[in-house]
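S.K.: This is the structure I want to talk about, given as structure tokens.
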Amino acid sequence: MLEYLNYGGLGIFVFIAIIMIIMGHMEKRTPVGSYIFLLTSISAFLFMANNEYTTALQNINDFKNQNATLKCVSGGGLYTSADTYRVSLNDGWSLDKNYFIKESFMVDADKCEKFR
């Protein structure tokens, strides 16, 4: 499940919270708000990682056991649009860890939903 954590974002929030705690201790007061901020940010990232992990497990289960067709999104970003792929066993896709693979394409299992 740890592969679903966004370490960059988590690191920034933890760094900010630690700086706030250190500055609070230098001022000789209890930085309760800093501890709440630290706990909330870590909890939010763990919740998001767990959500992506359970989504990936559900998609893998649907792909293997129910032979479902999934609509997966890959790529995208600030300057490019995302590509959409139709993933199923019948279309020649296979599974490798948490990725759906066909020829040279690899799509994350957590970026999919059941095709309707």
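S.K.: Let me know the Kirkwood hydrodynamic radius for region 31-114, please, with Cα pairs as the basis and the value in Å to one decimal.
M.R.: About 14.4 Å for region 31-114.
S.K.: State the extension gain, in nm to one decimal, for the chain segment bounded by Gln66 and Ser81, taking 0.36 nm per residue of separation less the distance between their alpha-carbons.
M.R.: 2.4 nm
Only the coordinates and a few stated rules stand behind these numbers; no lab work does. Since this is a predicted model, take the numbers as computed values, not measurements.
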